[in-house]
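Chemist: First, the structure itself, so that you have it in front of you.
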Amino acid sequence: MHSWLNEIFIGLSLTSILLMVALGLAIIYGTMGVINLAHGQFVMIGAYVAWFLQSQFGIGIIVGLPLIFIAGALLGLAVERTIIQRLYTRPLDTILATWGIGIVLEQLVRGLFGSDSRYVARPEFLDGNLILAGVHMSYYRLFIIGFALLTLAVTWFLLFRTEFGTKLRAVIQNKEISECYGVSANRVYAVTFAYGAGLAAIAGALITPMVSVTPTMGTGVVVDAFLVVIVGGVGSIVGTAAAALMIGEATAWLSYLLSETTARILILLGVIVLIRFRPQGLFPDKVRR
Amino acid sequence: MAALTLEKLTVKFGGLVAVNELDLHISDGELRCLLGPNGAGKSTTLDLICGKTLPTSGRILLGDQDITHLPEFKRARAGVGRKFQTPTVFKELSVIENLEIGRSAFPGVFSTMRVFRTPIRGQIREVLSLVGLDYEIYTKAENLSHGQTQWLEIAMLLMQDCHVILMDEPTAGMTAQETKQTASLFRELQGEHTMIVVEHDMAFVRDIADIVTVMDGGSLLAEGSIAEIETNAAVREAYLTDTGDDDA
Amino acid sequence: MNKGFAIDCIGYALFAVFVVLIIPWLANYSGYDLNVYARYLVLGMAAAAVALSWGTAGILNLGQALTFGIGSYIMAMHLKLKASEAQAGGMPDFMGWTNMEELPWFWEPFQSVSFTLAAGILIPVAIASLIGGFMFRGRITGVFVAIITLSLMLAVQLWIISEQRFTGGQNGLTGLAALELFGWSVDVYGLAFYYMVAGCLLVVLTLALLFLRSKAGLVLRAIRADPERTRFFGYDVSTYEVVAFATSAGIAGIAGMLYAMILGFASPTYMGLSLSLAFVIWAAVGGRESIVAATLGGIGVNMAEGRLSDLFFDQWTLILGVIFIVVVLFLPRGLFGLVMDLRIKLESHFMANPISRMNTSLDKHRSETTASQREGK
Amino acid sequence: MLEAKGLYSFYGKSPILQDIDFQIKDGGFLGIVGRNGVGKTTLLRTIMGLTDRANGTLSFQGSNLLDMSTPERAATGIAYIPQGREVIPRFTVRENLLMGMFPRADKSRSIPEHIFELFPILSDFIDRLGGDLSGGQQQQLAIGRALAMGPKVLILDEPTEGIQPNIVQQIEEVIRKLNREMGLTIVLVEQNTRFVRQAADSFVLLDKGRVALRGRGEELTSEVIDRYLAI
Amino acid sequence: MKRRDLLKGVAFAGVAGATGLGGFPGIWTGRNAAWAAGSDIPVGVLFSKTGAVAVVESTLHDACMMAIEEINDNGGINGRKIRPFVEDPASDPATFADRANRLVRRDKVVSIFGSYTSSSRQAVLPVVEGQNNLYWYPTLYEGRECSRNVMYGGAVPNQQQQDFVPWLKEKFGGRFYLLGNNYVYPREENNVARKILKGIGGEVVNEEYVPMGHDSFSSIVSKLRRDKPDVIFCTLVGDSDVAFQREYHNAGLDPKTMPVASLTRSEIEVKAIGGEAAAGHFSSAPYFMGYQSAENKKFVEAYLKKYGQDQVTHFVNEAAYSQVYQFKNAVERIGSGELKPSAIRDAAVGQRFMAPQGEIEIADNLHSYLWPKIGQWQADGQAKVLVDSKSRMAPEPYWAYEGQECTAEGLQKS
C-alpha cells in the first residue's frame, strides 16, 4: 500500500550512491575533458582504505572519511602528475590510458591485499530502520542520502563561492586567458583531479557496508557513473544530480515493476535515446568544448 | 532572373536578432559585395545561405528552388559553395587531396568508392597553376602559408564549380599583388558564376563590385552602386567613418 | 593520392608473407600453435575493424564487440544445430532443459550454411547501419558515439544472458559441431583451417585497403579532419559515416564467426566491455591510422599476452597495463607512428643536406608535372 | 624595460616570428603594425608565453620571460587584452574584474575604484554576465580586467576592432590617458594606423614574421603606409 | 622517388622483422625446454587469479596447490612427483579455453584441475573432449551433464536439495521465494526446487534473477516485504550474495521468520558479508569449515598455517583439495601402466577417499557420492552443522529429468 513511497525512497537511495560516485567523475570530465575509466578503481581504493583503517586501526568508516578522502586525493594527484597531465591535448586518448591505469591499480591492490572479498562493518549507531508511513528506511541509507546532499552542496560551494571555484570555472571557459590572468591551469587541473579522486574514494568507503570489497569492484561502477555524467551534461553538477535522480528512480521503479535485468536494459536504451536527442545533456552549461 | 533570393530572412540567437527581415535579390551572374561593420550579420547571412545556420523565419530561394530547410550537403549539391572567413581547408590532407575533395560532382559514397587516383591534368592542372600551387601538389595543407591556404580554399571552390559562390573576406592576409590577382580572377568568374563577396577592403570592392549591399545590425542599410554607397550618409556614419586614412 | 601507395603495397606484401609463410613456420605447422595463431589473426581482424572506423573516420566505437559477438553467435547457432541433429526435433540441448517445445523460428534458417555465412556479415552490417543512421543523422560525434555504442552493447549482452532459453545464457552456446564447407569438415587445429583464416584476413584487409585507398577513403579522412567543411562540398557526411561504421561491423562479424569456430563456443563475454576496450587498445598500440598496423597490433599484443602469461604467471595483467599506458603516453600514433618517424629520421640521415633534399623533391614534382603535362597533351 | 633580441617563436615546427628585436622603456608606447597574418598577434602571444616554443631573448625589467610560465609572466605585471576581448561569458562583470586581481602580488581582492571612474558603465552592469554585454562594453570590461591587476605593461590586440565608432574614440582616449597620465607602458597592435601615429612614440612594422621597419610614432606617415601597408 | 619508397619499405620490413624475430619458435613457444624431461607427472592447474571470480578461484588454487605439495613432500605418487603447470585464465571463458588448450596440447598434461563457474567449465569442455583429456572440476554445479572427460567433484542439485527443501518446509513453511543470479545454475536448481516443492505441497511465490555481479537489492527487499515468503531460496553467487545479505540485514528483516536458505553460500561469502549479518541463515553443502572430524581438523590446520589465519576453507576448496588425492589414488592404482587420461579416469571410478567431509566415492558416472549437510551460520562466521546426512548420497545429475540417466556409458535415455 505504501509501496510507491517505498520505491521513491529506494530510488533516492540509489540516486545518492550514483551521485556520490558520479560527482567526482563529472568534475574531472567537465573541467579537463578527461574520460577517466580508472574512476571505478579510485572507488575501489577508497573501499580498501576504509577496510584497512577498520581492520588495522579500528577506525570506523565515518571517522575515517577525511583520511580516506586524503588518500584518494593523493593517489589522484600522483596519477594526474605522472600520466594524465601529458594527455590534456588528447582527450580521447585518456580513455585508453586510464583504462591501463585501472588495470594497474586493480592489480596492485590484488598484489597487496589478495583477491579475497573484504568485510567492512557499518557504523553501529546507524544500525536499524526508521519506519515512517510504512516506509522502511535504514538509517545507513538515510545517512548516505544526507551525505550525498552535503557533498553536492560542498562541491557547489567550492565551485561557485570560493576563489578556487572561480579559477576553475575560468579555466573551463577560457584556459588561455585565465593563464594570462595568473591562474595556473596546471595547478587547477591537479587540484580538481585530486578532488574528484577524493570524492570517488569517499564514495567507495561509503558503499563498503553494502557490497563486497574486492579488487574488481570498480569495473561495474564506472559505466554507471559515466552514463550519469553524460546524460547530465558536461560541466553541470545540477545536471549530474538530476541525471542521477532520473536513473536512480527509474531503476527503482522498473526493477520493482518488472525485473532487475529488464530495468537495466530499459535504462541503457533510454540513455541511448536521451544522448541521441540531447547530447548536450539535461542542463547544458554553455561552455566551450 | 534571380540566382538567389532571400525573403524576410530572420535569425535569432537567444534574445539577439542577428539577421532581421533581410531581403536580397541577386541576379544570375552578378558579383555582389556585402559590406558592414563587425557584427552587422554579414557572415551570418552567408551561413544562412549555405545552411550552416537555420533561419528562424523567412525563405531562401536558389533560382526557383526553395532551399530554406535543406541540409548543407544538399545545398552544396544544388550549387552553393562557400569560402570561410578563416580559411578552412583539410590540414591533414595534401593540396591535391584537398582539390580532390573539392571536385565533388559525384559526391555519393558508391561513386567515390570507384575513384582511385587524381589525374593531374585538365581542370586540376589549370586550377593549380591559376592559384600558383603547382609546386605544392603533395604538400600537406597545414604546411602552407596563410596566403597559400587562402588560395587553396579558393581553388577548392573552383573545383567544386558551384553556381553560387559565397566568399567571406577572401583577400584577408593577401599581398597587394595577390589581391589584384584575386580581383581579376573574380572578374573572370563573374557572369558564369554568381558571387557574394564579404569584404572590408574598399579598394578591392571598388575594383570588382557591380552592386554593393551594406548591412548594419542585421538589417539592410543601403544598396546601390559603389558611388552611391560611398556618398550615402547613413553608410558613412555606420561604416565608413573612423576608418580614416586606413584601409589595411 | 597515389603517393605512398607503393609503400603500402610493400608493407602489405610483407604482412601477407608474414601471415602466410612465417607464422605457420613459427608454429611448426603443428595443431595447437596454428590454432592459437589463427585466434590471434582473428583478434587482429577485430582490431582492424576498430581502426577502420576510428582511425579513418574518427568514429570511436566502444561497442565493436557487439557485432563481433553477434557474428560469433550466428556461427555458433549453425554449428549448434548441426551438433543437435540427433536430438529430438533437432533442438539444441539447452532448449529442452528450459522446457521449449520446438525450435524457435529465428533459429530455423541457421540450418543452412550459406544463410549462416551471409547472415554473419549482413546482420552485423544491418544492425550497424541502423544504429549508425540513428546516431550520425543526429550528428552525434566523439565521446557520445562511444557511450551510445557501449550502452547498446551492454544492453544486448544483458538480453542475451537473460534469454537463456534462446541463447544459452551466461554459458553461451557450447558443444558445437565442426563446420562443413563443400563437404570439407573443418578441423580448427589443421593447417588448412589456418590458411582459411589467413585467407579471410587477407581478403578482408585487401578489400578494406581498396576502400580506404579510393576517394571514399579520402572523404572519410576529410570527415575526420572537419565534418562541417566536408558537408559544404556536397558530401553527405552521415552516409559516409554509416558506411564506414557498417563496414567495420561487417569485418567484426566475420572475425566473430571465425572466433566461435576456433574456440568451439560462443559466449556473452565476446560482447563484453573488456574485450571491446581491448580491441580499441590493440588498434591504438598498432596504430589506428593504418588498418594493417592495427591488425599487427592485435596480433602482437595477443602474442605478447600469451607469452607474458607464460613467463609471469602472477603479474602479466599488470605488465600489460603498464605497456598500454606507456604506449598511449609516448607513442600516440602507435607503433605505426614510430615506424613513420623512424622513416623520416632515416631519410634525413641519408640525405645529409636538407637543401639538396628540398631540391630533389622539387625536381621530383617538376618532373612529375611535365610528365603529366605530356600525358595531358 | 621590455626588450626582445633575436626572438623566434614557433607553432609546431614552423617559426612564425623570426629574429625580432624591439625595446620599450618605462612609460613607452609601442605600436605594432603590419598586414593580416604577418605575426602581430603571435608577437603578443609570444610575450605572454602562449605559443608552442620561443627562442632568443625576451626580458622584462631584467628578468627573462622565456623561462617563465604564463601565470608567472602575468604576475610580473604584464596585462594582456587579446583580440576579440575574450571576457569570460558566464562570469558576471564583477567576477571578470575579480579575475584580473588574481596575479596581484598584494593579494588584494577589492576592485580598484578608478576602474569604475574610467568606465562608469561597469559599475552599472556589475552583476550582468560578461557574455550579455555589447562589443564595446566587453572591450571596456576587458581593459578594466587588465587594470585590476595593477599592471606595469598593457598589451592590447586590436582593441577597436568591431567596435562602434563613438566607443572607439572613448577607448582610444582611455588608452592615451593610461599612457600619458598614469604612466602605463603600452604595447598596441592596431590596424588603425592613424591612432598609432597619433598616440605611439615608436612603432615596428612586421612583414612575414620579421621586423620590416621601425621608427618613431609620427614617422608612420602615409608614404610609409603606402609602401608597406596599402594595397 | 625510388629511394624514398625503398626507405619506407625498409622501415616497415624492420617492424615486421622484429615481430618475426620476436616470434621465433624457441623464444615464443614452450614454457621451458625441460618440461618433457624426467618422470614427473604433468598436471594443469587452471584457476583464475585475476578478474571477477578470482575471489573464489584463488582459494581453489590454494587448496589444490597445497594438496599437490603435500603429496610431493610425502614422496609423490609411486615415487613420481606431480608437476603442476599453473595458468591464470583471468575469469574469462575464452582465456579458459585458450589456456586449457595450451595445457593439453602443448604441455601434454594428463589432467587439469580447474575452474569454478559453469561457463568456464563449458569453455574447457570442447578442449578436453576433443583431446580425450580429464578435467577435475571441484564445484557444485547444475547437473545435467554427463561428460566422460570431467570428474565432477562437487554436489549436483539432488545432493543439495533432497534433504534440504523438505527440512525447510517443515521448519518454516512452504512458501518459497526463489532468488538467483541470471545463469544456468540458479535456474536449474530452481527447477529442481519447484519439483520437490510440488511433491511436498509447497509453493513458489516468486522467482527472480538478477544479472551477474548485481549489487543493489533494495527493490528485491521491498518485494520480499510485499510477498512475505517463508523461505528465501537463494542461489546468488559472489558479490551479489554479499550485497543481498547486507541489504537484508540493513533492512532489518528477521532470519527467524524469513530465513535465507542458500545453496551457494560458503564461509568465503560469509566472511565478506560479516558474521553478524549472515547469522541465523542456512546453507546446504557437503562440507563446512566448522564440521567436526579428524580429517577436517588436519585439513583446516594445514590450510590456515600455509595461507594465513584469516583464510577460510569451504565446500569448493575442500573438493579441490580432495580431488588431487583422488587423482593420486587413481594414478597409484594404474601403477606401472601407461599414464593417460582415460586410464586415470577408469582407475578413479569406484575409488573411495577419506575427505574432510567424510568418506567420498567416485561414482561410475564420474560424479561423487557426498555427505550433504545443513548448516546454520553463526555470528563468528562459521556454520553449525544441524543435520548431517546419514549415508553417502548418490549423485543424480539428471534427477529432475525423467527418463534420463547418467551412467558409465554416458547419457542414457529411456
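Chemist: Which residues in the range D:165-204 place their backbone N less than 12 Å from a point set 7 Å from the Cα of residue D:134 along the Cα-to-Cβ direction?
Modeler: D:165-168
Chemist: Per residue, how large is the accessible surface of chain D? Use a 1.4 angstrom probe and give square angstrom.
Modeler: Using a 1.4 Å probe on heavy atoms only, each residue of chain D averages 40 Å².
Chemist: Here's another thing I want to ask about it. Which three lengths, in whole Å and largest first, does the range A:93-241 cover when its Cα atoms are put on their principal axes?
Modeler: 55, 44, 26
Chemist: Right, another one. For the range C:125-157 and the range B:52-72, what is the centre-to-centre distance using only Cα atoms, to the nearest Å?
Modeler: A separation of 30 Å, based on Cα centres.
Chemist: Here is a follow-up. What is the Cα convex hull volume of the range C:1-138 when expressed per residue in Å³?
Modeler: 177
Chemist: Here's something else I'd like to know. Per residue of the range E:369-381, what does 6.51 cos²θ - 1.76 cosθ + 1.60 with θ = phi - 60° give for ³J(HN,Hα)? Whole Hz please, x for Gly and Pro, Karplus curve as stated.
Modeler: 6, 10, 10, x, 9, 10, x, 10, 6, 10, 5, 7, x
Chemist: Residues with amide H under 5 Å of residue E:237's amide H, sequence separation 5 or more or different chain, H placed in the peptide plane at 1.01 Å from N; which?
Modeler: For residue E:237, the qualifying residues are E:181.
Chemist: Turning to a different aspect of this structure: If you average the alpha carbon positions of the range E:322-363 and of the range A:66-97, how far apart do those two centres end up, in angstrom?
Modeler: Taking the Cα centre of the range A:66-97 as reference, the centre of the range E:322-363 is 54 Å away.
Chemist: Take peptides C:41-49, E:328-336, A:45-53 and line them up by average Cβ neighbours within 10 Å, highest first, as a rough protection proxy.
Modeler: Going by the mean number of other Cβ atoms within 10 Å, highest first, we get C:41-49, A:45-53, E:328-336.
Chemist: Could you work out [θ]222 nm for the protein assembly as shown from helices alone, using -39500 (n - 2.57) per DSSP H run of at least four and dividing by all its residues? Round to the nearest 500 deg cm²/dmol.
Modeler: Theoretical 222 nm ellipticity from helices: -16500 deg cm²/dmol.
Chemist: Do you know which residues of the range C:114-151 lose at least 40 square angstrom of accessible area in the protein assembly compared with their chain on its own, with a 1.4 angstrom probe?
Modeler: C:134, C:140, C:143, C:144, C:147, C:148, C:151
Chemist: Calculate one ³J(HN,Hα) per residue across the range D:130-144 by plugging θ = phi - 60° into the Karplus curve 6.51 cos²θ - 1.76 cosθ + 1.60, and present them in order as whole Hz with x for glycine and proline.
Modeler: x, x, 8, 7, 6, x, x, 5, 4, 5, 5, 5, 4, 5, x
Chemist: Using 7 Å Cα-to-Cβ label points, what is the residue C:134/residue B:61 separation (nm, one decimal)?
Modeler: 4.2
Chemist: When averaged across all projection directions, what area in nm² does the alpha-carbon convex hull of the range E:276-372 cover?
Modeler: One quarter of the hull surface, i.e. the mean projection, equals 7.7 nm².
Chemist: List, largest first, the extents of the alpha carbons of the range B:1-136 along their principal axes, each in whole Å.
Modeler: So the extents along the principal axes, rounded to whole Å, are 48, 33, 32.
Chemist: Using a cut-off of 22 Å between alpha-carbon atoms, which lysines can reach residue E:297, once sequence neighbours fewer than 8 places away in the same chain are excluded?
Modeler: E:271, E:305, E:306, E:328, E:373, E:384, E:390
Chemist: Considering the range B:91-162, what Rg and Dmax in Å follow from its alpha-carbon atoms?
Modeler: That works out to 11.7, 35 Å for Rg and Dmax.
Chemist: Given H placed 1.01 Å from N in the peptide plane, which residues other than close sequence neighbours of residue E:135 have an amide H under 5 Å from its amide H?
Modeler: Counting only residues 5 or more places away or on other chains, the set is E:112, E:150, E:151.
Chemist: Another one. With the solvent-accessible surface defined on protein heavy atoms using a 1.4 Å probe, which residues belonging to the range A:96-113 display a reduction of at least 40 Å² in accessible area in the multichain context relative to the isolated chain?
Modeler: The answer is A:96, A:99, A:103, A:104, A:107, A:110.
Chemist: Around residue E:334, under 10 Å between beta carbons, what's the net of Lys plus Arg minus Asp minus Glu among the other residues?
Modeler: Values: positive: E:333, E:340; negative: E:332, E:338, E:346.
Summing Lys and Arg as +1 and Asp and Glu as -1 gives -1.
Chemist: In terms of the Cα gyration tensor, with a ≥ b ≥ c the square roots of its eigenvalues, is the range C:100-190 rounded because a/c is under 1.5, prolate because a/b exceeds b/c, or oblate?
Modeler: Prolate shape, in that a/c is at least 1.5 and a/b is the bigger ratio.
Chemist: Under a plain spin-label model, where a point goes 7 Å from the Cα along Cα-to-Cβ, how far apart in nm are residue D:109 and residue B:210?
Modeler: 6.3
Chemist: Could you state the angle between the C-alpha long axis of helix C:316-330 and the longest principal axis of the C-alpha atoms of chain C, as a value from 0 to 90 degrees rounded to the nearest 10?
Modeler: It is inclined by approximately 30 degrees.
Chemist: Further, regarding this structure: Per the Kirkwood definition applied to all pairs of different Cα atoms, how many angstroms is the hydrodynamic radius of chain E?
Modeler: Value: 22.6 Å, from the Cα pair sum.
Chemist: Ok, one more. Based only on the alpha carbon positions, what is the Kirkwood hydrodynamic radius of chain C, in angstrom?
Modeler: 22.3
Chemist: State which helices in chain E qualify, where a helix is a whole DSSP H run, it must extend 27 Å or more along its own axis by its Cα atoms, and its mean Kyte-Doolittle hydropathy must be at least -0.5.
Modeler: E:2-22, E:54-73, E:315-334
Chemist: Report the calculated FRET efficiency for residue A:112 and residue A:81 (r = Cβ-Cβ distance, R0 = 30 Å), to the nearest 0.05.
Modeler: Computed FRET efficiency for residue A:112 and residue A:81: 0.90.
Chemist: Another one. Could you name the lysines whose alpha carbon sits less than 22 Å from that of residue E:413, not counting residues in the same chain fewer than 8 places away?
Modeler: C:80, C:82, E:195
Chemist: Using amide H atoms built in the peptide plane, which far-off residues or other-chain residues are under 5 Å from residue D:91 H to H?
Modeler: Here D:130, D:131 satisfy the definition.
Chemist: State the three equivalent ellipsoid semi-axes of the protein assembly as shown, derived from the C-alpha gyration tensor as the square roots of 5 times its eigenvalues, in descending order and whole Å. It would help to have the intermediate numbers written out before the result.
Modeler: Values: eigenvalues 903, 290, 177 Å².
In descending order, the three semi-axes are 67, 38, 30 Å.
Chemist: Counting alpha carbon pairs within less than 8 Å and at least 6 residues apart, what relative contact order, in whole percent, applies to the range A:21-133?
Modeler: 37
Chemist: Oh, and also: Given a 10 angstrom Cα cut-off, can you work out which residue in C:251, C:344, C:23 is the most mobile in a GNM of chain C?
Modeler: C:344
Chemist: Write down, largest first, the equivalent ellipsoid semi-axes of chain A in whole Å, where each equals the square root of 5 times an eigenvalue of the alpha-carbon gyration tensor.
Modeler: Equivalent ellipsoid of chain A: 29, 24, 18 Å, largest first.
Chemist: To continue, here is another question. Which aspartates and glutamates does residue E:169 reach when only Cα atoms under 15 Å apart count, and residues fewer than 8 places away in its own chain are ignored?
Modeler: E:203, E:230
Chemist: Hey, what does the equivalent ellipsoid look like for the range E:56-160, semi-axes from the Cα gyration tensor as sqrt of 5 times each eigenvalue, largest first, whole Å?
Modeler: Over the Cα atoms of the range E:56-160, the semi-axes work out to 22, 17, 14 Å.
Chemist: Between residue C:187 and residue E:332, how high is the FRET efficiency from 1/(1 + (r/R0)^6) when r is the Cβ-Cβ distance and R₀ = 41 Å? Nearest 0.05.
Modeler: Efficiency at R0 = 41 Å is approximately 0.65.
Chemist: Still on this structure: Going down the list E:198/E:256; E:171/E:228; C:345/D:208; D:40/D:107, which pairs span over 26 Å between their C-alpha atoms?
Modeler: From the list (E:198/E:256; E:171/E:228; C:345/D:208; D:40/D:107), the Cα-Cα distance tops 26 Å for C:345/D:208; D:40/D:107.
Chemist: Pop the C-beta distance of residue D:212 and residue B:190 into the FRET formula with R0 = 51 Å and round what comes out to the nearest 0.05.
Modeler: Efficiency computed from Cβ-Cβ geometry: 0.90.
Chemist: Let me ask something else. Compute the distance in nm between two label points, each set 7 Å from the Cα along the Cα-to-Cβ direction, one at residue D:127 and one at residue C:331.
Modeler: Each label point is offset 7 Å from its Cα along the Cβ direction, giving 5.9 nm.
Chemist: Here's something else I'd like to know. Excluding ligands and nucleic acids, what accessible area in Å² is computed for residue D:201 using a 1.4 Å probe, to the nearest 10?
Modeler: 70
Chemist: If you average the sequence gap of Cα pairs under 8 Å that are 6 or more apart and divide by the length of the range D:88-194, what percent do you get for the contact order?
Modeler: For the range D:88-194, the relative contact order is 29 percent.
Chemist: Something else: In the Gaussian network model of chain A, springs joining C-alpha atoms below 10 Å, which of A:65, A:150, A:227 carries the largest mean-square fluctuation?
Modeler: Judging by the Gaussian network model, the answer is A:150.
Chemist: Shifting gears a bit: What percent do you get for the relative contact order of the range A:2-215 when only Cα pairs under 8 Å and 6+ apart count?
Modeler: Here the relative contact order equals 45 percent.
Chemist: Take the alpha carbon atoms of chain B, find their radius of gyration, then divide it by 2.2 N^0.38 Å using N residues; give the quotient.
Modeler: Relative to the 2.2 N^0.38 Å estimate, chain B comes out at 1.02.
Chemist: Using 0.36 nm per residue of separation minus the Cα-Cα distance, give me the extension gain between residue B:236 and residue B:142 in nm, one decimal.
Modeler: 29.9 nm
Chemist: Which of C:265, C:330, C:136 ends up with the largest GNM mean-square fluctuation for chain C, with Cα atoms connected below 10 Å?
Modeler: Sorting by GNM fluctuation, first place goes to C:330.
Chemist: From the cross-link list B:83/B:140; B:91/D:5; B:83/D:5; B:52/B:91, which pairs have alpha carbons spaced over 28 Å apart?
Modeler: Distance filter (> 28 Å) returns B:91/D:5; B:83/D:5.
Chemist: Here's something else I'd like to know. Determine the total buried accessible area between chain E and chain C, counting protein heavy atoms only with a 1.4 Å probe; round to the nearest 100 Å².
Modeler: Details: alone 17600 and 19280 Å², together 31640 Å².
The contact between C and E buries close to 5200 Å².
The values are calculated or read from the model by the stated rules, or taken from the named source; none is laboratory data. All values reported here derive from a predicted model rather than from experimental measurement. Cβ atoms come from the backbone with ideal geometry, glycine included; neighbour counts cover every protein chain shown. These area figures cover heavy atoms from the full protein model, side chains too; ligands, DNA and RNA do not enter into them. Shrake-Rupley method; radii C 1.70, N 1.55, O 1.52, S 1.80 Å.
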